[in-house]
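Undergrad: One structure, pasted below without further comment.
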Amino acid sequence: MAHLPPREGTVVRRRIWGTAAVLALVTGLVPVTSAQAAAPHRPGPLPLERLFDNRAVSDDARPAAADFDGSGGSLSARDLTAAGWTPGRTLGIEGARLTWPRTAPGRPDNVRADGQPVRARGRGDALAFLVAGTGGEASGTGTVRYRDGSRGTYRLTAPDWRSGPLATKSVALPHINTPGGQLAEKAQLYVVTVPLVHGREVASVDLPRDPGAADLHVFALSVRAATKGWTGTWSASTAGYTAVGPWSDRSVRLVVHTSTGGPRVRIRLDNTFAAGPVRIGSATVAVQEAGAGARGTPRPLSFRGAPGTELPAGAQAYSDPLDFDVPADANLLVSFHLPGPVAAAPVHSQAIQRSYVSGPGDHTADGSPAAYTSTITSWPLLTGVDVGGGPGSVVLLGDSITDGVKSTRDANRRWPNVLATRLLNQSAVPAYGVLNQGISANRVVADRYPGDGVSTDTGGVSALHRLDRDVLAQTSARTVVVFEGINDVRWGASADQVIAGLREVADRARARGLRTVAATIAPCEGESLCTAAANRQREAVNAYLRGGDDFDAVLDFDAVLRDPAHPARMLPAYDSGDHLHPGDTGLAALAESVDLRLLVP
């Protein structure tokens, strides 16, 4: 095997963990004998629905038939239906499949956690819980029991259904039902994931004990299956929920650039932050010839055997596997028909790429570009493209520099693109897929987009609030590279706040078995918000990254980009002109500085 030389500007640091130590730290893993596992008088695990002891959903005409919070408050059945959360509906959220309770309004539809053993089966990287707290945020420790007799603990926190953060909610409903009338107040439900021991089959789950003053309600749980046989080749983070079109009976044709290739393909569509469902009539994939024109006839995609699908509010859908030769380092056309009116959609705003919208009709199967008469520069709804096989993916969690702002449009010169090309052109390490989860204006510890409602702000929720969705749930993620913080210090955050956030990112990613790599914050003197005070905070964060051991490795992007004669400023040859964003040359320098060996778990 060839060896790659260390790259200039890269600080190398490795941590060696014993397997037993990692498992004990992450899950509280305890081996038990069969006799220990079968404690006297412990009831056997039951399906969750057989444990339901609380009524959360009421018919709007009979609000007193449910009492979710002990004070007569409940969720509106009409609001749930309007969001697409109908009884028995399977919801794809953050890579997990969870079934909304099948019960009718006014009937038991959730369980208040108090140590109940629940039947659960499967292997995966996480347990997913559909939850909410009442009486405040509810938190407790539960137990996972594995088929081999071992067990591990987990910590589950359910935000309050009325006061919890909108940035992490799965769905927000516009009303709360009470016996005295309906309130125009939001009610939130959350999907929360907790790590599992890799490779071990889950046998059952003990819910947390009663947390006390607050109640922790569980509506559904499942094992999030590992994404075996797939590698992520392209992705984009949902940065906000904006007005679009409006589109009705239109086809959207998005241009996306692959990192690695494979013999099969599937796409992922996400209705993140939405209040209502969106219908996909049909979808296709093709290799781009030029503009909206396809090389050959676009191939139809299906969704659980159907030509289209409906995405409930906050949910996602994967297409079925399609035999299709996806080339590496190439542009694909992903097209989908929107048969109904769509006035707002979840978007990635800074695509740095032209895509296309057709005139009336389903033109997803058109190889010709003729019907695609208008252009857009965002990616609505589409968040991922996966290919069959491959070694897994490296996820790049970042802000506008990772997003590619100020790079040449339609040229794929973002530093993640250059890194992907480097991986393809060597054999010393696996040719990982590269998933760009950069969002322009994003911060580590503060939300730009509030997480709910139609907004012109597409800076996304914070890295901490999007970590589960944009990193931990990404297809076959092996390593995360975190390159954020400049927007925090430019807008007044302290170094201590940024450091605490980065440390949490590292801890949560490592708990899921990911290798963690951080990049130092680049210089930006000369940009209006990059004051001397902001620079002091930036330097303090960088000193922590260079000298600490919270991450498995550190890339010194500050050293790569800075002007040696003026270290607070970017080298003029790398500067796009705004003193904050590197241009094509600077972005290439970042990618070329990465020692590829640091990406290997």
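The values are calculated or read from the model by the stated rules, or taken from the named source; none is laboratory data. Model, not experiment: these values are computed from the prediction. As a convention, Cβ positions derive from the backbone with ideal geometry for all residues, glycine included, and neighbour counts pool all protein chains shown. All accessible areas refer to the heavy atoms of the entire protein, side chains included, with ligands and DNA or RNA removed. Shrake-Rupley method; radii C 1.70, N 1.55, O 1.52, S 1.80 Å.
Undergrad: In whole percent, what relative contact order does the chain give with Cα contacts below 8 Å and a gap of six or more residues? Numbers along the way, then the final one.
TA: Values: 1669 pairs, mean separation 88.4, N = 601.
Contact order relative to length: 15 percent.
Undergrad: Follow-up. Once the dipole of the range 386-474 is set up with Lys and Arg at +1 and Asp and Glu at -1 on Cβ about the Cα centre, which of GLY388, ALA411, HIS465 lies farthest towards its positive end?
TA: Sorting the options by dipole projection puts first ALA411.
Undergrad: Placing unit charges on C-beta atoms (Lys and Arg positive, Asp and Glu negative, everything else neutral), compute the dipole magnitude of the chain about its Cα centre in debye, rounded to 20. List each step's numbers first, then the result.
TA: Details: 60 positive and 58 negative charges, 292 e Å.
The calculation lands at about 1400 debye.
Undergrad: While we're looking at this one, here's another question. Calculated FRET efficiency, ARG107 and ARG299, Cβ-Cβ r, R0 56 Å, to nearest 0.05? Present the calculation step by step, with values, prior to reporting the outcome.
TA: On the way: r = 44 Å, r/R0 = 0.79.
Efficiency, rounded to the nearest 0.05: 0.80.
Undergrad: While we're on this one: Taking R0 as 22 Å, what's the FRET efficiency between GLU289 and ALA365 from their Cβ-Cβ distance, rounded to 0.05?
TA: On the way: r = 15 Å, r/R0 = 0.68.
E(calc), rounded to 0.05, equals 0.90.
Undergrad: Another question, then. Once you list every other residue whose beta carbon is under 13 Å from the beta carbon of ALA365, what net charge do they have if Lys and Arg are +1 and Asp and Glu are -1? Walk me through the numbers before you get to the answer.
TA: Working: positive: ARG253, ARG299; negative: ASP362, ASP366.
Overall, the nearby charge balance is 0.
Undergrad: Still on this model: Give me the accessible area per residue for the range 392-498, probe 1.4 Å, as a whole number in Å². Working shown, then result.
TA: Values: 2940 Å² over 107 residues.
Solvent-accessible surface per residue comes out at 28 Å².
Undergrad: Straight-line reach from LYS169: which lysines fall under 27 Å, measuring Cα to Cα and dropping same-chain residues less than 8 apart?
TA: Straight-line reach from LYS169, under 27 Å: LYS186.
Undergrad: Next question. Carbon-plus-sulfur fraction of the accessible area of the range 181-340, 1.4 Å probe, in percent? Numbers along the way, then the final one.
TA: Numbers: 2600 of 5300 Å².
Of the solvent-accessible surface of the range 181-340, carbon and sulfur hold 49 percent.
Undergrad: Have a look at the DSSP beta bridges in the chain and tell me what percent are antiparallel, nearest 5.
TA: Expressed as a percentage, antiparallel bridges in the chain total about 80.
Undergrad: Which is farthest toward the positive dipole end of the range 477-595 among ILE486, VAL594, VAL517, measuring Cα position about the Cα centre, with Cβ charges +1 (Lys, Arg) and -1 (Asp, Glu)?
TA: VAL517
Undergrad: Please compute the net charge surrounding THR375, taking Lys and Arg as +1 and Asp and Glu as -1 over other residues with Cβ under 14 Å from its Cβ. Please report the intermediate quantities before stating the final value.
TA: On the way: positive: ARG250, ARG253, ARG354, ARG409; negative: ASP410.
Every neighbour counted, the sum reads +3.
Undergrad: Counting heavy atoms of the protein chains only and a 1.4 Å probe, report the per residue accessible area for the range 536-601 as a whole number of Å². Mind showing how you got there, number by number?
TA: Details: 2430 Å² over 66 residues.
Averaged over the residues of the range 536-601, the accessible area is 37 Å².
Undergrad: In whole Å, what is the distance between the alpha-carbon centres of the range 387-434 and the range 300-360?
TA: Going from one Cα centre to the other spans 21 Å.
Undergrad: Among SER76, HIS566, GLY124, whose Cα sits farthest toward the positive end of the charge dipole of the chain (+1 at Cβ of Lys/Arg, -1 at Cβ of Asp/Glu, about the Cα centre)?
TA: Farthest towards the positive pole: GLY124.
Undergrad: Next question, about the same structure. Suppose R0 equals 51 Å. What FRET efficiency, 1/(1 + (r/R0)^6) with r the Cβ-Cβ distance, do THR585 and ASP59 give to the nearest 0.05?
TA: Working: r = 63 Å, r/R0 = 1.23.
Efficiency, from the Cβ-Cβ distance: 0.25.
Undergrad: Taking the Cα centre of the range 448-601 as origin, work out the dipole magnitude from +1 charges on Lys and Arg Cβ and -1 charges on Asp and Glu Cβ, in debye rounded to 20.
TA: The dipole of the range 448-601 has a size of about 400 debye.
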